[in-house]
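Read the figures in this text as sums done on the coordinates, not as results from a lab. The model shown is predicted, which means the values in this text are computed figures rather than measured ones. So basically every Cβ, Gly included, is an ideal-geometry build from the backbone, and we count neighbours across all protein chains shown.
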Amino acid sequence: MVLIIQCDDRVGLVADIASVLAKAGCNIVSMREHVDSEENKFFVRTEAEGITNPGEIEMSITKVLPPDAKVRVNPEPEKNIVCI
């Protein structure tokens, strides 16, 4: 599964995302994040294994993110997803 997130930056985002995935029994195999300091925007692409319900993961992660967050979950990482 590939998870793409874009939102306002704040302290603890990576920890919150990792916590949601860990509680769901998922293993992060790759995580690439970037912060645009001028715009205060956080971007992350995370690959995780062990996802049983992508919709539930998306809902759980959205709950721990800032209100403006854009979240996309691609349960089949070999296929392209539309950018947000």
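Over the chain, with a Gaussian network built from C-alpha contacts below 10 Å, which listed residue (Ser60, Ser37, Ser19) shows the highest mean-square fluctuation?
Evaluated over the chain, the most mobile residue of the options is Ser37.
What stretch of the chain, leaving out the sites themselves, is the longest with no GluC sites (Glu not before Pro) in a DSSP loop having at most 16 other Cβ atoms within 10 Å?
Numbers: sites that count: Glu38, Glu39, Glu78.
Free of exposed loop sites, the longest segment is 40-77.
Return the tail of the calculated pair distribution for the chain, meaning the percent of Cα-Cα pairs more than 18 Å apart. Write down the numbers at each step before the final one.
On the way: 1211 of 3486 pairs.
Tail fraction, whole percent: 35.
Can you work out ³J(HN,Hα) from phi for every residue in segment 35-44, in order, using Karplus 6.51 cos²θ - 1.76 cosθ + 1.60 and θ = phi - 60°, giving whole Hz and x for Gly and Pro?
Ordered by residue, 3J(HN,Hα) equals 10, 8, 5, 5, 9, 6, 10, 10, 10, 8 Hz.
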